[in-house]
Amino acid sequence: MATEVRVPTLGESVSEATIATWFKKPGDSVAVDEMLCELETDKVTVEVPSPAAGTLQEIVAEEGETVGVDALLATLSEGGSDAPAKPAKTEAKAESTSKPADDGGADSGESVDVMVPTLGESVTEATVATWFKQVGDSVEADEMLCELETDKVSVEVPAPQAGTLTEILAKEGETVQASAKLAVMSAGGGAAPAKTEAPAESAPAAEAAGSGKDVDDAPSAKKMMAEAGLSPDQVEGTGRDGRIMKEDVQKALAAGGAAAKAPERAPAQAPRAPVAAEDASREERVKMTRLRQTIARRLKEAQNSAAMLTTYNEVDMTGVMELRKEYKDLFEKKHGVKLGFMSFFTKACCHALKEVPDVNAEIDGTDVVYKNFVHMGIAVGTPTGLVVPVVRDADQMSFAAIEKKINELGARARDGKLSMAEMQGGTFTISNGGVYGSLMSSPILNPPQSGILGMHKIQDRPMVVNGEIKARPMMYLALSYDHRIVDGKGAVTFLVRVKEALEDPRRLLMDL
C-alpha cells in the first residue's frame, strides 16, 4: 500500500517552504519517524519524518523546489523494509533494537523514549549539559535524568516513569533539536543491554555542537558552498544568529565569493598568542556554555549596531534611606516582602520615561516605535551568567507589587527556572553593579532597547549642603543610550528626573 508524504503545518502566516535536503533517495528503506527531508521557510527549518515504515518509492518535490502547505513530497510503500535504518519509535518491546534478541530479561517491560521537553517560544535546540544517570541505573518516576542548556535557561529532564535507563542517545556536549530523543528506558527495571550505535540523525546535531554556532547553517547552503568551493568565512549569513541560508551563498557567488564576514565574527578567527610549553601544561580549556556564548554575541551586536553613549550623574540617597528605614518594618509586616532600593529606582525610571519617551522606544528599520507602557528589565547575576527577567507593566504597579515580582524573578533566575516569556519584551533595563562593589561603570545596551540605567555602590562622600560640608550617602548613576534615537538633552533630562525623584521620594507620590 502506498503512503503519501506531505508538507506539514509550517506555522502561523507561513504558507510555503523550500526543499532544502533529501536525506533519503528512492529505494531506501525507512523506519517510522525517520527523517526524510528538511524544509526551509523564511523563519524556521522543518524536518519531515516518515509517517510509516517501508521503502521510499518516489520523490515528487526535488531539492530547491518551493512547495505549499500539504503539498505532496513523496510516496512510500509500506512494509517493504527488511532492514530499517533505526528501530521503530512505537510500542516496541522484545523486538526493539534497544534490547538484544538474546536478552534474558525480555519481560522487564516496554521500551520508553525520553524526549527533549518543550524549550519555550522561539527555542529550537539545546545542548546536553549533564547526565545525572548512567546506562543500567534504576530511576524513579520524575527523577532527574539530565540537564539541557539553551541560550537562555537550563532545563531539567525528568524520567517519564520508573524503570531502568537502557540507552543514552545524546551524550554530554551534543546539540539536540526540540522533541529529539535523548535516551531509552525499560519500564519496570530490567537489565541494561549493551549500548547500540547512535541514530544517524545525531550526526548533524553533533556537527552543530562542534561548530561553535548557536544555529547550524542551512543544509542546502552547506551543500551549495561545498559544490562551489566556498568556506563559511566567505559568506555573510542573514539568518537567525548569523545562520547562512541558501540565498546568502547565491549572493556570495554572484559577487565572486568576496562577501565579507560580519565584524562580530572576526574575533572568533583571531589566532591565539604563542603559549610556552610549561604554561600550556597549566592551562585548562572549558567550553563556553550556550548562555555565555549568547551573552557575548548580543553584547558585541549592541556595540556594532547602536550609536551607544553614556552620561553620568550622582544621587544623594539620604531621602530614600531615611524613608526606607522609617517604614521598612511596617512595609514587611503588611506586604510580606522587604522594602529594597529596586522599587524606588523602578518607580523613578517609570516616572522619567513618561517625560522622555525616546528612552523607552526602539528603532525598527526606518521607524521609531514608541511604547505606551514600561516593561522593566532587571538584570540578575546567576552562577551561569547574566539574565534579564522582565517586570511587565511596571509603571502600573505599586512598590509592594514591584518588590514581590523582583524577588520572585530573581529567585527563579538563580535557580535556572525562568521561562523564555519572562525574559522577552523589555523596553528599558536597570542593572545594579553596586551589589558587587562597583563604584562606576558604563552598562551596555540590551538590544533592541534604547536605554539602560546602571546603579552603583552607595558610598559616603563629603558634600556641600546649605553651605556646610557633610558626609552624604552618594551613588553614581550611568545611563547608556542609543544616540540614534535619544539626543543628549533627552538623556540628561531623564537622568536628572531620576535623581530628583530619588532625592525627594515624595515627588513620586505626587507625580512631579
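Just so you know, all these numbers are worked out from the coordinates, no wet-lab data involved. Computed from a predicted structure; not experimentally measured. Note: ideal-geometry Cβ built from the backbone for every residue, glycine included; neighbour counts use all protein chains shown.
General observations
- Centre-to-centre, using Cα atoms only, the stretch 309-338 and the stretch 23-71 are separated by 61 Å.
- Each listed q (0.11, 0.12 Å⁻¹) maps to a log10 I(q)/I(0) for the stretch 306-510, found by the Debye formula over equal Cα scatterers with no solvent: -0.50, -0.60.
- Sorted by Cβ density within 10 Å, fewest first, the residues Phe132, Phe494: Phe132, Phe494
- Residues Arg506, Arg292 arranged by fewest to most Cβ contacts within 10 Å: Arg506, Arg292
- Mean Cβ count within 10 Å, highest first, over the residues of peptides 462-471, 160-169: 160-169, 462-471
- Taking every alpha-carbon pair in the stretch 471-512 and binning the separations at 10 Å intervals from zero gives 24, 44, 28, 4 percent.
- Label-to-label distance for Ala421 and Glu314 is 4.5 nm, based on points extended 7 Å past Cα in the beta-carbon direction.
- In this calculation the C-beta distance from Asp137 to Ala255 is compared with R0 = 51 Å, giving a FRET efficiency of 0.40.
- A DSSP coil position with no more than 13 other Cβ atoms inside 10 Å describes the following chymotrypsin sites (Phe, Trp or Tyr not before Pro) in the stretch 290-390: Tyr370.
- Checking every one of the GluC sites (Glu not before Pro) in the stretch 20-77 against DSSP loop status and a limit of 14 other Cβ atoms within 10 Å picks out Glu62, Glu65.
- Environment charge of Leu56, counting only residues whose C-beta is closer than 13 Å and scoring Lys/Arg +1, Asp/Glu -1: -3
- Label-point separation in nm, Met288 to Thr366, each point 7 Å along Cα→Cβ: 3.5
- Fully extended contour minus Cα-Cα distance, from Ala273 to Ser231, at 0.36 nm per residue: 12.7 nm
- Each of Lys181, Lys325, Lys171, Lys457 was scored by other Cβ atoms within 10 Å of its Cβ. Listed from fewest to most, they are Lys325, Lys171, Lys457, Lys181.
- Extension gain, Ser15-Glu110: 0.36 nm per intervening residue step, less the Cα-Cα distance, totals 30.2 nm.
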